[in-house]
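The values are calculated or read from the model by the stated rules, or taken from the named source; none is laboratory data. Because the structure is a prediction, the values reported are computed rather than measured. Every residue, glycine among them, receives a Cβ derived from its backbone with ideal geometry; neighbour counts consider all protein chains shown. With ligands, DNA and RNA removed, areas are computed over all heavy atoms of the protein, side chains included. Shrake-Rupley method; radii C 1.70, N 1.55, O 1.52, S 1.80 Å.
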Amino acid sequence: MKLASLKNGRLEKRGRDGALHVVDRALTRACPVADFPTLQAALDDWASAEPALKALSQRLEAHEIRGIAFDPRNCLSPLPRAYQWADGSAYVNHVELVRKARGAEMPASFWTDPLMYQGGSDSFLAPTENIPAGDPKWGCDFEAEIAVVTDDVKLGTGPEDAMTRIRLVMLVNDVSLRGLIPDELAKGFGFFQSKPSSAFSPVAVTPDELGAAWDGRKLTGALNSYLNGEMFGCPDAGTDMTFDFPTLIAHAAKSRPLGAGTIIGSGTVSNRGPDGGPGSWVSEGGRGYSCIAERRMVEQITGGKPVTPFLKSGDRVRIDMLDTAGASIFGAIDQVVG
């Protein structure tokens, strides 16, 4: 089933968390959920919510319920705010390129111990909401990622048990301010100002809805990103993922429990080229890149200097994933800077 949090409709007035709706597979119709007014309420009582939501979804698909027209522009992020948002760096190829571009050797531990930071989760952007432009010197960038939403996860949970705690899957634009990152990291205390509000896809999808594309650990399929209407990247999310989602969840739960509604991100989806190198542009037949920074790194490595500019006011970013029939799975994140 597919779930969305709408900012309008019959159950409006629910406040900043939106109104939970079940959405049909075609992303054309939606139905409000009376018994669980918000997605967080459903996640807090998933044992009761899941069968009720499935029954409503089946009735919507069978046209037993008319529902309302579904419009992504009326969506908030599925969880407009969350108790926790932890973003990993599961595609170590991305990290390797970052360090190679600045001539730094990558520690061997990066291949065995995931990187992860805790981002701000109190004010996610809606999937079609503008990205605040900010100071051009801040170097605004998009990052196309996959994320999962968990049920309660006990402290010390291992990867096998963590796999059973995944409730939803969605897409992410993890907005980053590249110009602020170096000084923050130099302080040794991690990201804060350099990681403003992220945006998530219009709908979150239960794993069973993904069929063979979901193996319980990772999602297979091209994650398509576009900049001003031109495809920027289409790497396969199931390829070159060094740390799968159960591993990332177990890493986050090593020393503390995770509450229902915790969001765990994959980090920038990144594929190696066929020769094991940094790959190439989509226009050259490659899979491109899921953020501007990675493309700039490759420009630095291959040409001696970065060329592609970071986002400026008026730029449009679109992130989407299609099923085997060419239909959008999650709906598109479609944002303008400004």
Exercise for the section: Note down the nm distance, to one decimal, between modelled labels 7 Å out along Cα→Cβ at ALA34 and at GLU61. Expected result: 2.3
Problem - Whether segment 149-300 is rounded, prolate or oblate, judged on the alpha carbon gyration tensor where a/c under 1.5 counts as rounded - result: oblate
Handout entry: Neighbourhood charge, 14 Å Cβ-Cβ cut-off, centred on ARG272 and excluding it, Lys, Arg +1 and Asp, Glu -1
Key = -3
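Please give me the summed charge of the neighbours of PHE189: other residues whose Cβ is under 14 Å from its Cβ, Lys and Arg +1, Asp and Glu -1.
Neighbourhood net charge equals 0.
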Completion exercise
Per residue, accessible area of segment 88-161 with a 1.4 Å probe, heavy atoms of protein chains only, in Å², comes to 47
Fill in the blank from the handout: Stretched fully, the stretch from ASP161 through ALA69 gains (0.36 nm per residue minus C-alpha distance, one decimal, in nm) 29.3 nm
Fill in the blank from the handout: The number of Lys pairs in the chain whose alpha carbons lie under 20 Å apart, excluding pairs fewer than 8 residues apart on one chain, is 10
Fill in the blank from the handout: the chain, Gaussian network, Cα under 10 Å: of ASP17, ASP71, ASP244, the residue fluctuating most is ASP71
Handout entry: For CYS291, net neighbour charge (Lys/Arg +1, Asp/Glu -1) across residues whose Cβ lies under 12 Å away
Key = -2
Exercise for the section: Answer rounded, prolate or oblate for segment 126-167, using the Cα gyration tensor with square roots of eigenvalues a ≥ b ≥ c: rounded when a/c is under 1.5, else prolate when a/b is larger than b/c, else oblate. Expected result: prolate
Practice task
Any chance you could check the Cα centroid distance between segment 235-286 and segment 75-152 for me, in angstrom?
Solution key: 10
Problem - Rg/Rh ratio calculated on Cα atoms of the chain (Kirkwood radius) - result: 0.96
Exercise for the section: Measure off, as a whole percent, the carbon and sulfur share of the 1.4 Å-probe accessible area of the chain, all protein chains present. Expected result: 51
Handout entry: Listed peptides 277-285, 167-175, 203-211 by packing density, highest first (mean Cβ within 10 Å)
Key = 167-175, 203-211, 277-285
